[in-house]
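**Q** Structure below; questions to follow.
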Amino acid sequence: MVCASLDAVGPRPASPSRSGAALALPAALGVAVFALYLTVELSRYATGRSAGYDLGIFTQIVRHYASGQAPTIELKQGMNAWGDHFSPVLIVLAPVYRLFPSPVTLLVAQAALIALSAVPVGRFATQKFGVAAGAFIELAYGISYGLQSAVAFDFHEVAFAVPIAAYALEYLQRRRFRYASVLFALLVFVKEDLGLTAFVAGVIIASCRKRLGFAVMLWGGGWFIAATAFIVPSFTADDHYRSLNGLSGGRGLSVDTVLQPWTTPDIWMRTSFIVIAVTCVGFVALLSPVIALAVPTMGWRFVASNQDYWSTHYHYDAILMPVIFFAAIDGYPRLVRLARRILRKQRIVDAALRPAVFGAACLTIGLLQTTAGHYPFSKILSAHSYRRSASMSAAWKVAKLIPTGAVVRADNDIAPWLVSRTEVYAVHQAYGNIPRARWIILDLTRDTLGAPLAWKTRWASNLLPDSERVIKNDGIVAIELRQ
């Protein structure tokens, strides 16, 4: 029974779990995680490694919220953000953005949210297994590839879901179901697909508190249907939930959408992200019913036709990290009991599977994944991570010359430096759906998103006869057009 299995009895720390270290260390490690992620994010922004897709997009959304306007995304041809995803939680950032109108505000918020999520992981592990094991597990969580990938891909709304899920899972494990229910219910306001996660949480809670669990199931499932079938489509031109195309390849939702991926040659690619996710805790998470909360996210990504959803180098794994680590904490006592039952040598098992050994193993796996996967922390000590290239140094200088309030079409790698004070559109967008830009800013040193170098070079040449002023600096070209 799921209810009886929550917070299963397992190895307990020899020292009292509410010692000063047990209470203070998780918070201290959370501060360290914040410092690490903030360093990564700010260095990426300052050196031009952030992008319009997606830091620029979310900055435009929050900027419009802060101004009391509809969340328009100029970088997506002026579409309403609610026609892309249902993420009203971003409104929370509006007051802070009014005080600090910069993409950096979003980056600081994301680092803080991720760091905040580490605290309940470390606190619960410490009180369950002891200070050493708790510290190892929190550090392993803090450097987990899913969180690093989210930070390496600028900012996303899932940053809010990570701490919400982490605290909800802690309350769930402590059998404080009302608090857990409220937090799981909040996930529906982060992104529409998380309504399914809330639904599964309701199933788990229902095994302990039937009415409360059913209420969470109804809430999560209801919001998922409302968001995908009514809310998001109502803000699109064609009344269609566009994200469905990334799942079905334009075929629409059907039984074939679910069954077809199981028979394709690329099934190993589709399942690789699942294997990598459970590997970060040595597969121990599979021994806990809590892992069921990962099924909705893993499921829609598995059946998706868009290969980006199978990758571990974007933000899609972030929400899985708190689930997998809490499942591992819950599943570890089962591993110990199972080993005792099979080997029948309790002393050997207890010595080999001490909680601190398990925590150290998780941390070791996290470090290996960081190095092998070329995630941000593997480069945090490299001077190159804090140095702009010649072209991006030029882009920084050119961006500062663009007047505030101008309508601009900018390359993807330059857009983040402009979105907080100008109206920025992507260079690859058609003129038919956007205002005529006064400034065109191009990176003529490389291909960028949607804009091959050869095409940009020809376009810049064609624009010169209509130009009022041209600024050139180390491969960066800014063209001011006549009005």
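**Q** Highest mean first, what order results for 337-345, 108-116, 229-237 on Cβ atoms within 10 Å?
**A** Result, highest mean Cβ count within 10 Å first: 108-116, 229-237, 337-345.
**Q** For the chain, max minus min Cα coordinate along each principal axis, in Å, sorted largest first?
**A** Sorted largest first, the three principal extents are 84, 49, 47 Å.
**Q** Whole-Hz Karplus ³J(HN,Hα) for the stretch 228-233, in order, using 6.51 cos²θ - 1.76 cosθ + 1.60 and θ = phi - 60°, x for Gly and Pro?
**A** Couplings: 7, 9, 10, 5, 4, x Hz.
**Q** Looking at 168, 179, 125, which one has the Cα that reaches farthest to the positive end of the dipole of the chain (charges on Cβ: Lys, Arg +1; Asp, Glu -1)?
**A** 125
**Q** Most exposed first by the Cβ proxy, i.e. fewest other Cβ within 10 Å, how do 461, 43, 50, 467 rank?
**A** Taking fewest neighbouring Cβ atoms as first place, the list is 461, 467, 43, 50.
**Q** Using a 7 Å offset from the Cα along the Cα-to-Cβ direction at both residue 340 and residue 31, what is the distance between the two label points in nm, to one decimal?
**A** 3.9 nm
**Q** Can you give me the distance in nm between label points at residue 455 and residue 385, each placed 7 Å from the Cα along the Cα-to-Cβ direction?
**A** So the two model labels end up 3.3 nm from each other.
**Q** Related question: In the stretch 304-428, how does Rg compare with the Kirkwood Rh, expressed as the Rg/Rh ratio over alpha carbon atoms?
**A** That ratio equals 1.23.
**Q** Rounded if a/c is under 1.5, else prolate if a/b beats b/c, else oblate: with a ≥ b ≥ c from the C-alpha gyration tensor eigenvalues square-rooted, which is the stretch 165-319?
**A** Here the stretch 165-319 falls in the oblate category.
**Q** Using only the Cα atoms of the stretch 390-481, what semi-axes does the equivalent ellipsoid have when each is the square root of 5 times a gyration tensor eigenvalue? Give whole Å, largest first.
**A** Semi-axes, largest first: 16, 16, 13 Å.
**Q** Which whole-Hz couplings ³J(HN,Hα) result when phi for each residue of the stretch 145-153 is put into the Karplus expression 6.51 cos²θ - 1.76 cosθ + 1.60, θ = phi - 60°, listed in order with x for Gly and Pro?
**A** 4, x, 6, 4, 5, 4, 5, 5, 10
**Q** Expressed in nm to one decimal, what extension gain is obtained for the pair residue 269 and residue 238 from 0.36 nm per residue of sequence separation less their Cα-Cα distance?
**A** Going from the current span to full extension adds 7.9 nm.
**Q** Treating the angle as unsigned and between 0 and 90°, give the value, to the nearest 10°, between the Cα long axis of helix 194-206 and the longest Cα principal axis of the chain.
**A** 10 degrees
**Q** I would also like to ask the following. With a 10 Å Cβ neighbour count serving as the proxy for reagent exposure, in which order, fewest first, do 353, 106 appear?
**A** 353, 106
**Q** Computed on alpha carbon atoms, what radius of gyration and Dmax characterise the stretch 45-154, expressed in Å?
**A** Every Cα atom of the stretch 45-154 included, Rg and Dmax give 17.0, 53 Å.
**Q** Which order results if 263, 271, 72 are arranged by neighbouring Cβ count within 10 Å, fewest first?
**A** In increasing order of surrounding Cβ atoms, one gets 263, 271, 72.
**Q** Given only helices, namely DSSP H runs of n ≥ 4 each adding -39500 (n - 2.57), what is the per-residue ellipticity at 222 nm of the chain, to the nearest 500 deg cm²/dmol?
**A** Dividing the helical sum by the residues of the chain leaves -16500 deg cm²/dmol.
No lab work stands behind these numbers, since they all come straight from the coordinates. Bear in mind that the values here come from a model prediction, so they are computed numbers and not experimental data. Note that each Cβ is placed from the backbone with ideal geometry, even for glycine, and that neighbours are counted across all protein chains shown.
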